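What follows is a single structure, written as structure tokens, with notes after it.
Please treat every number below as a calculation from the coordinates, not as lab data. Quick caveat: nothing in here was measured; it's all calculated off a predicted structure. Here Cβ is always computed from backbone atoms with ideal geometry, including for glycine, and neighbour counts include all displayed protein chains.
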Amino acid sequence: GAVVSQHPSRVICKSGTSVKIECRSLDFQATTMFWYRQFPKQSLMLMATSNEGSKATYEQGVEKDKFLINHASLTLSTLTVTSAHPEDSSFYICSAESWWGRGTDTQYFGPGTRLTVL
Amino acid sequence: DAKTTQPPSMDCAEGRAANLPCNHSTISGNEYVYWYRQIHSQGPQYIIHGLKNNETNEMASLIITEDRKSSTLILPHATLRDTAVYYCIVRASQGGSEKLVFGKGTKLTVNP
């Protein structure tokens, strides 16, 4: 149980184009999804938190107009990198969590998406 | 900033127990200790978490000191596939939507 998938696993695009990454919770409903970014040899950095049906909350320094997040259902969140540039090249990872008002909650991570912008 | 301190790297022989320490001296009463690991070029994998009692599952054991200021993750019989970066994270777990703050973790290398 607690499987999170991401698509695509790898994408190469030209500078100036937009790229959409999907994150799905396959066997549970995710009340909250998180998007992280990881540069080479660095740790994961949280970009934003999204709750189903509401606007995402972005971390300081993350441009919300550049990284569009949609969490339209309890099993799907998307991250769109708009007008991508080479400095946006990174490993993007999502996580999903369910919390129904009892017990502890655990985040489960997707396998990540490697974005390369030429 | 991460609220935990871990050694940057450790080595372990295959088949032996790997004991990974973590200091979290400023942990609050409502914060849990979570452990994740990340194998190269993959998303983090959840291992275990606990509040104050020791915990065990099919992957590992978590030993938390009585004062809760430190903990140890134990992989009882390390294999080559356990080579990864291990992250110890403290996080409040009430009300949902609490973010995980990743530090630099411990790079565990299991040697044959």
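Just a few scattered comments:
- Residue satisfying condition, being in contact with a helix residue (DSSP H, G or I) (Cβ under 6 Å, 6 or more places away or on another chain) and either away from every other protein chain (no Cβ under 13 Å) or loosely packed, with under 15 Cβ neighbours inside 10 Å (or both), within set B:Leu80, B:Leu20, B:Leu75, B:Leu108: B:Leu75
- Count of the range B:19-36 residues, restricted to those that are assigned to a loop (DSSP other than H, G, I, E, B) and not aliphatic (A, V, I, L, M), is 6.
- Of all the criteria given as (1) among the β-branched types (Val, Ile, Thr); (2) more than 11 Å from chain A (Cβ to nearest Cβ); (3) surrounded by 16 or more Cβ atoms within 10 Å (Cβ to Cβ); (4) touching an Asp or Glu at 6+ places or on another chain (Cβ under 7 Å), the one not satisfied by B:Ile27 is (4).
- Some residue of the range A:15-24 being outside any loop (DSSP other than H, G, I, E, B) and polar (S, T, N, Q): no
- From A:Ser50, A:Ser95, A:Ser83, residue being crowded, with 23+ Cβ neighbours inside 10 Å and either within 8 Å of chain B (Cβ to nearest Cβ) or assigned to a loop (DSSP other than H, G, I, E, B) (or both): A:Ser95
- Candidates in the range A:26-47 are the residues that are part of a strand (DSSP E or B) and not hydrophobic (A, V, I, L, M, F, W, C); of these, the one that is farthest from A:Glu87 (Cα to Cα) is A:Thr32.
- Meets criteria (hydrophobic (A, V, I, L, M, F, W, C), in contact (Cβ under 8 Å) with a residue 60 or more places away in the chain, out of contact with any Gly (no Cβ under 9 Å at 6 or more places or on another chain) and away from chain B (no Cβ under 11 Å)) for A:Ile69: no
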